[in-house]
Amino acid sequence: MAMQQPAPTSWLHCVTDSDVWWSFKSSPTTVAAALATLFIFLMAFLAPLLAPHTPFDPATLSLSDGLKPPVLVSPDGDWTFPLGTDDQGRDVLSSIMYGTRLSLIVGFASVIVAMLIGITLGLVSGYFGGAVDAVIMRVADVQLTFPAILVALLIDGVVRGIISVQRHDEIAIFVIVGAIGLSFWVQYARTVRGSVLVEKNKEYVQAARVIGLSPVLIMVRHVLPNVTGPVLVIATINLGLAIITEATLSFLGVGLPSTEPSLGTLIRLGNEVLQSGDWWITVFPGATLAALVLAVNLLGDWLRDALNPKLR
Amino acid sequence: MAVSNNPPLLEVKNLRVEFPTRRGTLLAVDDVSFDIAPGEVLGVVGESGAGKSLTGNAIIGLLEPPGRIAGGEVKLEGRRIDNLPYEEMRKVRGAKIGAIFQDPLTSLNPLYSIGRQLVETIQTHLPLSASQARKRALDLLKEVGIPGAENRIDHYPHQFSGGMRQRVVIALALCADPRLIVADEPTTALDVSIQAQIIALLKRLCREHHTAVMLVTHDMGVIAETADRVAVMYAGRIAEIGPVRDVVKQAKHPYTKGLMGSIPSLGVRHDKLTQIDGAMPRLTEIPPGCAFNPRCTVRGQRCMVERPNLMSAGASRAACWLHDRGGVGAPVTKELVDA
Amino acid sequence: MIAFILRRLLQSIAVLLAVGLVAFSLFRYVGDPINAMVGQDTSMEDRALLRERLGLNDSPPLQFLRFVSNAARGNFGLSYRTSEPVGRMIFERVPATLELAFCAAIFVLFVGVPMGVYTGLYPKHWSSRLLQTVSLLGVSLPPFLLGILLILVFAVMLHWLPSFGRGQTVQIGWWTTNFLTISGLKALILPSITLGLFQLTLIMRLVRSEMLEVMRTDYIKFGRARGLSNRAINFGHALKNTLVPVITVMGLQLGTLIAFAIVTETVFAWPGVGQLFLQSVQFSDIPVMAAYLLLIALLFVVINLVVDLLYFVVDPRLRSQGGAAKVAGH
């Protein structure tokens, strides 16, 4: 296709020459946040290759390795377990790497679910208007008054009521993705709906309708590109929130089970032995979680400002 | 004129206002000097971006950062005020220099009644009790022509029309009987029918209180009607300054001439209104020599390289080589070309 | 104004009914109310009889009506988990949650707003930049993690403050309070900070951006031109103009505080409604979930009404809507 003709170098040039790139380069905090995010992502997704242990394979565990402190703070440490071990003898570093991977998977998946639901409902609501619009937006209003965590808890509780506990552990990850996704769709729907309302009455849309283009095609061609920016910003900020929500649910014991622990689950497990002073089991996963969310939030803040020059 | 013999109330000398930006520092007001005598109305006219509002803001000490006074001095009653610390200058503002801004809709705090805003201003500057201050507020409202002032004093800004709000703003400026009022486009945001009333009110009040006014506007009609003297600004500098009649009838600067040619006057048949071609240069693109030279119809070689300062031209002073002995075509000295 | 309030009241009732419908659907169709009331060995006939007697065979609208009228009297049936009346279980725990949320709200208000004002007035000062950065950290730190860290430092390491429970409480009528004993007050400190910090950073950032916005307005500039003192401008004029958005968000956040109490109460073993709700989620104890949902909805609705009324107090433009607005014409 003709559109893909420009050589990759000129495409690269396009990127490095843009305002967004400029604002990225000129903010050291953002560059640091991006590097930190990249580092955590790599560490998490390459966990099977990089992690020194496979902490959730019971065959590799030995209770005699239990509760080893981190090497740098105590002479009792063992270099095979640089961040120490928990009471089951699991390597904290490896647990964190695998846990972060799960946290990220759940975070991304639920943001995508929320995005799909929100964009679809926003398009439908804005395009059809009338009663459909009214119902969707009122539901959005009511849901918005309830914090996401509450909605997610409620959904989880209902699912538990319908299916058996055993089944629940197997599908826990899907339940939690669905619950978080369902509790974050409102912002996308509102943004998309607003954009549809603006575009709907423009002449080219009317014209497209007159020459018989399908409404769906019009929406996809003209409305969606307009909302890419805002949706991306919301998605980045939501990624941080989704990770926090998942961690919170897992911490509360209604998220991912301890056989498949995310960062939140690890913190919960560590918290159970916190009173005895074995702080590293909790603090390291906690610090990883905080660093991850902080880095993602910093990127989100920056992206919002960079795509919205008016706000500066 | 009689007033011009008195010692000046306000002296502005070689005022420079700068804006540091990412692409270098912009000189928005460049070497501006003028006086205002007690009770005199000086009109400052120019296109937007000519630096007239900035000059006004610099005088009241409220340049918005990053703008700053980079040189020159401002004296009020012989005392320098451009370098006063914030707290000292605060006591000058409102007490000695009142200010009126462009938009009466946004100049008043929407959450407080106008009475409260008046009383607050009065008590800031005058040692009056609450009831005395309220009495004074009421008198001021009557003076600026608010009908039913006794009832209206406790109303909120949104309950007044634009013209009425500007009257309230004028009352606020007059709270402590200042010697000078800096009025920045006081009628621009108002309906045409209201504009004349507000100008008439301002004129009457200043005559009665013997208050001088620096009237900043882009509306030559308002100036012709109100001002004693006019300063015409162009690209951050004064192009011409002089008694209003001379400037209007016998403009000495080609820019002023163009400006006057673009105003229709009543009772005179115009075949066409003249207009100045082009637009005022941006601050980043001011040409060397006279800033007006790209648009000037009578420019000579000197105008392209050497910047004219104000020089006598009849009763006025104009920054144009036409009024220099050498004229616009005079040979240019070597050093100036290099500079 | 009265019409406005009436309209808001109607909207509130509609929201309550909608949430009631959700709660009812949960109550009636997700769980089986009968199972909670009878033992394993009850025969099918007895169950059917009970079903008939409880009206569970009536038409859904009629059942919903009965559910709503029962709920209005605080009757939500029996807990599946403990077989106690749900209404009483919740009532007993309400004071603990409300006192915790109240303390957190005070903390948010009296620390967050001044910090926001300060950073808004002096955005370039190094301490403002520091606060701004720290606040981003506050937003990124999940409350449960903060709670754990606070426990680790102040309870486990320093032994200054208790790590769980309400301490000693005093009973006043049906209300139990923490405010009258030293140990009760001490027990409140860590949970309140945990619950409040996230909202505090939100409020601080909001007040800051509103202050920055207001400080750019013409009436602030005109206030300076009138020679008003900095104090009058900053606190009299600027702060008051930031109040409307701040009240809105505070109102919403107060609801969020109560919901987030679920997490804080779990971390600190605080015997409040949130902890009860979490237990009910884990056991799929539908009646308790339904009742909690309605309670939260009621709280939100009441808070929103109060917020709407506060608008009228703060903003004269709303007070005179209709009547005096017409005077404003030329």
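Assessment of the stretch B:62-75 against the conditions (assigned by TED's automatic domain parsing to the domain that holds B:L26, out of contact with any Asp or Glu (no Cβ under 8 Å at 6 or more places or on another chain) and aliphatic (A, V, I, L, M)) yields at least one matching residue. In this structure, C:I193 does not satisfy being assigned by TED's automatic domain parsing to the domain that holds C:L150, surrounded by fewer than 15 Cβ atoms within 10 Å (Cβ to Cβ) and under 30 Å from C:F91 (Cα atoms).
For the stretch C:222-229, does any single residue satisfy the condition of being at the interface with chain B (Cβ under 8 Å from one of its Cβ atoms), surrounded by fewer than 19 Cβ atoms within 10 Å (Cβ to Cβ) and farther than 26 Å from C:F312 by Cβ? There is at least one residue in the stretch C:222-229 that is at the interface with chain B (Cβ under 8 Å from one of its Cβ atoms), surrounded by fewer than 19 Cβ atoms within 10 Å (Cβ to Cβ) and farther than 26 Å from C:F312 by Cβ.
At least 2 residues that are away from every other protein chain (no Cβ under 14 Å) and more than 26 Å from C:L278 (Cα to Cα) in each: list the helices (runs of 4 or more DSSP H) lying fully within the stretch A:94-191 that qualify.
Working: elements: A:130-145, A:148-162, A:165-183.
The qualifying helices (runs of 4 or more DSSP H) are A:130-145.
Every condition in (1) touching a strand residue (DSSP E or B) at 6+ places or on another chain (Cβ under 8 Å); (2) part of a loop (DSSP other than H, G, I, E, B) is met by B:R307 except one, and the failing one is (1).
Could you say which residue among A:L256, A:L241, A:L263, A:L252 is away from every other protein chain (no Cβ under 11 Å) and touching a residue at least 60 places away in the same chain (Cβ under 8 Å)? Give the steps one after another, and end with the answer.
On the way: A:L241 fails: away from every other protein chain (no Cβ under 11 Å); A:L263 fails: away from every other protein chain (no Cβ under 11 Å); A:L252 fails: away from every other protein chain (no Cβ under 11 Å).
None of the others qualify; the one that does is A:L256.
Which members of the stretch A:27-62 meet the condition of being at pLDDT below 80 and in a loop (DSSP other than H, G, I, E, B)? A:S27, A:A51, A:P52, A:H53, A:T54, A:P55, A:F56, A:D57, A:L61, A:S62 - these are the residues of the stretch A:27-62 that are at pLDDT below 80 and in a loop (DSSP other than H, G, I, E, B).
One line per residue, one yes/no per condition, for (1) more than 9 Å from chain A (Cβ to nearest Cβ); (2) buried (at least 23 other Cβ atoms within 10 Å of the Cβ); (3) of a type outside the set (A, V, I, L, M, F, W, C):
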site: C:G272; (1), (2), (3): yes, yes, yes
site: C:S280; (1), (2), (3): no, yes, yes
site: C:P287; (1), (2), (3): yes, yes, yes
site: C:A291; (1), (2), (3): yes, yes, no
site: C:I296; (1), (2), (3): no, no, no
site: C:L305; (1), (2), (3): yes, no, no
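To keep it simple, each residue is scored yes or no on (1) under 28 Å from the mean Cα position of the chain (by Cα); (2) assigned to a helix (DSSP H, G or I); (3) more than 14 Å from chain C (Cβ to nearest Cβ).
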position: B:I122; (1), (2), (3): yes, yes, no
position: B:A137; (1), (2), (3): yes, yes, no
position: B:K142; (1), (2), (3): yes, yes, yes
position: B:N151; (1), (2), (3): no, yes, no
position: B:G163; (1), (2), (3): yes, yes, no
position: B:I170; (1), (2), (3): yes, yes, no
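Against the numbered list (1) crowded, with 23+ Cβ neighbours inside 10 Å; (2) more than 23 Å from the chain's Cα centre (by Cα), A:V124 comes up short only at (1).
For the residues B:G24, B:G67, the requirement of being among the small types (G, A, S), touching a strand residue (DSSP E or B) at 6+ places or on another chain (Cβ under 7 Å) and closer than 30 Å to A:S23 by Cβ singles out B:G67.
Checking each residue in the stretch B:172-194 for being away from every other protein chain (no Cβ under 12 Å), surrounded by fewer than 24 Cβ atoms within 10 Å (Cβ to Cβ) and hydroxyl-bearing (S, T, Y) picks out only B:T188. Is it the case, given these coordinates, that C:R205 is outside any helix (DSSP H, G or I) and either more than 14 Å from chain B (Cβ to nearest Cβ) or among the acidic types (D, E) (or both)? So C:R205 fails the test. Of the residues examined, B:S161 is not one that is assigned by TED's automatic domain parsing to the domain that holds B:T55 and small (G, A, S). Residues in the stretch B:221-237 that are under 12 Å from the mean Cα position of the chain (by Cα) and either part of a strand (DSSP E or B) or farther than 18 Å from B:I36 by Cβ (or both): B:R229, B:V230, B:A231, B:V232, B:M233. I need the full set of residues from the stretch C:148-201 which are within 14 Å of another protein chain (Cβ to nearest Cβ), outside any loop (DSSP other than H, G, I, E, B) and touching a residue at least 40 places away in the same chain (Cβ under 8 Å), in order please. Within the stretch C:148-201, C:I148, C:L150, C:I151, C:L190, C:T194, C:L195, C:L197, C:F198, C:Q199, C:T201 qualify.
The values are calculated or read from the model by the stated rules, or taken from the named source; none is laboratory data. Quick caveat, the model's predicted, so the values are computed rather than measured. Cβ coordinates were reconstructed from backbone atoms using ideal geometry, including for glycine residues, and neighbour counts include every protein chain displayed.
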